[in-house]
Structure formats: structure tokens, C-alpha cells
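The values are calculated or read from the model by the stated rules, or taken from the named source; none is laboratory data. Remember, predicted model here, so these are calculated numbers, not experimental data. Cβ sites come from the backbone with ideal geometry, for glycine too, and all protein chains shown count toward neighbours. For accessibility, only protein heavy atoms count, side chains too; no ligands or nucleic acids. Shrake-Rupley method; radii C 1.70, N 1.55, O 1.52, S 1.80 Å.
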Amino acid sequence: MTLQQVSYEIARTLLQDEIPNNKLEEITYDTMNFDVPLVPLYLNTFVLELFHGPTLSFKDVGARFLALATSGDTGSAVGRGFFNIPGIEVILLYPKGKVSYIQEMQLTTIGNNISTLEVDGTFDDCQKLVKEAFTNSVLNKTVFLTSANSINIARLIPQSFYYFWAYKQLLDTKISVHADLVFSVPSGNFGNVTAGLIAKKMGLPVKRFIAATNSNQTFLKYFQTGIFEPKPSIKTISNAMDVGNPNNFPRITALYPDIELIRDVFWTVSISDFDTERIIKNTYADVQYILDPHTAVGLCGMNNYKASKLKSEFQNEEKTNDTVGVVLGTAHPAKFSDIISKFINHEIEIPNSLKQVLSEKKNATPIQNQFEELKTVILNKA
Ligand SMILES: *Cc1c(COP(=O)(O)O)cnc(C)c1O
């Protein structure tokens, strides 16, 4: 099967009669119309490259739905997906000074039915503004609001497809059937990894998910203590994961309603910017593969996992099988070329679609981190 065929089969099985089959086939084929190759990095370690879509991050997969709040990469993917669709107004919110230059250009140069607000606050502030919009009765009487961040389950459903696609490609390489399949997922809002849990619940033989996080440690602390306590977000070089209150946490505990179940299906690490930079340098030196900062956090997580498995932190597990590790490659390194080219001391080739965006003029409306300002903007569109 092709990626599109696999995706359609999964979608049809999951959604049953929710959407007519011919429509669903059209939607899945349109969504999955770019390559998602599984690239070998080291022995039994692969990168699933999810960044060959129009805006060069995995967000392109799930982003066919109306936008409201976004971290660095969702906004541009959603903006592109909804550009010039009649009857739809898209409002993108992004945190001022907390996305990369290229991400900012991608967010602020789309135009027409896509408008962009530059919020004087953090990513968590943007999410809070959006959640407030959903529950505001005045707004909901006037406009029909829906969100495009991973609050929206329609983002997660298509993201489950590529976990199956990774497995299919592994089978093609004739990996040992006895190996344990482990995915390392660079995580912020935990939408991507929740899509993986959905794939596992559907029957994909995954041993474990590594939730690879940066210095934002809300999930790590939960994993260690059983207490979930949201914290203000900390700014890092993997900025699309600067989330102190992961949106999808309630979904994870709905799927695995016990900390011991979560400790069985997950493993988690927090990777500093220092280690992120180091692994980008080392990987380029060793195998000439260029990681973006998010995928780097994922690979670091995988390496730490394999190392601690060797040290047998998992004594309780039946005689240790080989681990086949798949790191989700969540963004193209060119999106972060300013810092990456310094780390590896080498210029990064910028794809043409990005060059185009960088030649345009930034257009964003600054707003304070105040709900009344967002409300006024939305009502003016109605
Ligand atoms: C959004 C994003 C993430 C985090 O994904 P979540 O679903 O929020 O956990 C990781 N890497 C990149 C490049 C992203 O854009």
C-alpha cells in the first residue's frame, strides 16, 4: 500500500460512517500528498521525516481546520490550508518574540482571509485567550468558532496515520519481528504523541512512546510524582514545544487512567538547550544528517532511553529484546537555519517555498494579552 492507501484504510476503520467513503478518501488523499520517508540514522534508529509538506513541519498533516491559537508551526500550516476558502475567516495568534524569524514570516505573510495577531504574551497565554473565546457567550452567539490547535481531535486523527506508515516501512526493511518498537516524539502540547496512543489502541504493536520534552517539565514531573501541575512556559530553541500546560494531558489520562499504566506505555526525558545543540553538532559530524532543534530533542530522548535500558532500568521487563527506535522528525532544519547553520558551521539550503515567504512583507496586528482585545478583533470580522 501507499501512504495514502494506508491513511484511508485507517481513517475509514476509525470513522466508519461518520463521513461518506468517497469524501473521506478525497480528504485523506489530499492531506497525505507529500512523502513521509523513514530514514536510517544509526543501527536500529530511524527518523520518520514528517516535514516535506507545504510549511515544512508535521503540522501540515493535521492542519485543514480553522485556526485560532498556535505555537510556532501550526499557524502557517493552517493558514495555508484555509487560504481563500469561502466563508472562513482564520485568525492566527502567536506569541511576540517567541517564534523564529522564519516562522514569523510564514505566519504574517499569508493575507486575504487569514489575519494574524501578535500577542504580547507566551504561547500558553495565546491558548488561554482561545479557550476563553470558546466559552464567551457573546462571541458564540455571533460567530461559529472552532480551533485548529491540538484541542481539536480532527488534528489528531490524521496524525495517527503516519505511525502505521512508519511500521509499514520498517517491515519493508525486514526488521526482526521480535524487536520492540519504540517511538520518540518531540512533545509540547502532547497532540502528536496522543495520536500515537490512538494508533496503539487501534492495534499498532508499539512497545513504548518516549515523550521527549525540552526544559518545560510539567509532564516529566507528573511522570515522577503522579502530580500534574501546569507551570509558566520556558523559552527554548525548540520553541514549538515551549508549553507549560500541555493541552492533551486530559486525553492521555482518559486513554490510560492510571499513573502506573502511563509509566508502562511512556518513558520521558527533559533535554536542555545545551544538549540539543550538542546532538545537532554530533549528528552532523557523525552521519551528516541535519536535525532541527525539535527532532534533536527526540533523538536525544531515544539515545537516553536506549542507554538506560542497557543499564537495565527496566529489570522487570522480560529478557530485553532489541529496540527499534523511530524518532519523529517534526520540522525541516531550514525553518531554523539561523541557529542551525551556526551550530554545524555550514549553510543550510532553503527550499523555494520558504524563499518566497521571506521576500514578502510582515503583516500582523499587535494585541495585549487581554481577552477583550481578541473579542473586538473577532467581532469586527463577523
Ligand atoms: C508542534 C510541534 C511539536 C510538538 O508537538 P505537540 O503535538 O504539541 O506535542 C514538536 N515539533 C515541532 C517542530 C512542532 O511544530
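Measuring only protein heavy atoms, the 1.4 Å probe finds LYS281 accessible over about 90 Å². Calculated on the alpha-carbon coordinates, the convex hull of segment 155-344 measures out at 128 cubic angstrom per residue.
Using Cβ point charges alone (K and R +1, D and E -1), the dipole size of segment 155-344 about the Cα centre works out to roughly 220 debye. Phi angles of segment 77-94 translate, via the Karplus equation with coefficients 6.51, -1.76, 1.60 and θ = phi - 60°, into HN-Hα couplings of 5, 5, x, 5, x, 9, 4, 6, 7, x, x, 10, 10, 10, 10, 9, 10, 9 Hz per residue; Gly and Pro are given as x. Note on segment 123-216: the alpha carbon radius of gyration divided by the globular reference 2.2 N^0.38 Å gives 1.42. What separates the Cα centres of segment 320-382 and segment 34-57 is a distance of 18 Å.
When only the heavy atoms of the protein chains count and the probe is 1.4 Å, how do THR330, THR253 rank by accessible area, highest first? All intermediate terms of the calculation are to be shown ahead of the outcome.
Numbers: THR330 5, THR253 40 Å².
Ranked from most to least accessible, the order is THR253, THR330.
Distance from the C-alpha centroid of segment 142-202 to that of segment 219-267: 16 Å, rounded to the whole angstrom. Among the protein heavy atoms of segment 90-163, carbon and sulfur supply 57% of the accessible surface, probe 1.4 Å, non-protein parts ignored. Note on the chain: dipole from Cβ charges, positive end direction compared against GLN159, ALA382, PHE223; the farthest Cα belongs to PHE223.
Given the Cα-Cα distance of LYS381 and ASN21 and 0.36 nm per residue of separation, how much length would full extension add, in nm? All intermediate terms of the calculation are to be shown ahead of the outcome.
Details: separation 360, 0.36 × 360 = 129.60 nm, distance 3.44 nm.
In short, 126.2 nm is gained.
If the viscosity is 1.002 mPa s and the temperature 20 °C, what translational diffusion coefficient in µm²/s does Stokes-Einstein give for the chain when Rh comes from Kirkwood over Cα pairs? Write out the running numbers ahead of the final one.
Working: Rh = 21.2 Å.
For these conditions, the coefficient is 101 µm²/s.
Take the cross-link list LYS281/LYS309; LYS131/LYS168; LYS96/LYS231; LYS168/LYS355 and give me the ones stretching past 28 Å between alpha-carbons.
Details: LYS281/LYS309 25 Å; LYS131/LYS168 38 Å; LYS96/LYS231 19 Å; LYS168/LYS355 34 Å.
Flagged as over cut-off: LYS131/LYS168; LYS168/LYS355.
Over segment 226-382, give the accessible area per residue in Å² for a 1.4 Å probe, as an integer. Don't skip to the answer; put the middle values down first.
Numbers: 8050 Å² over 157 residues.
That works out to 51 Å² for each residue.
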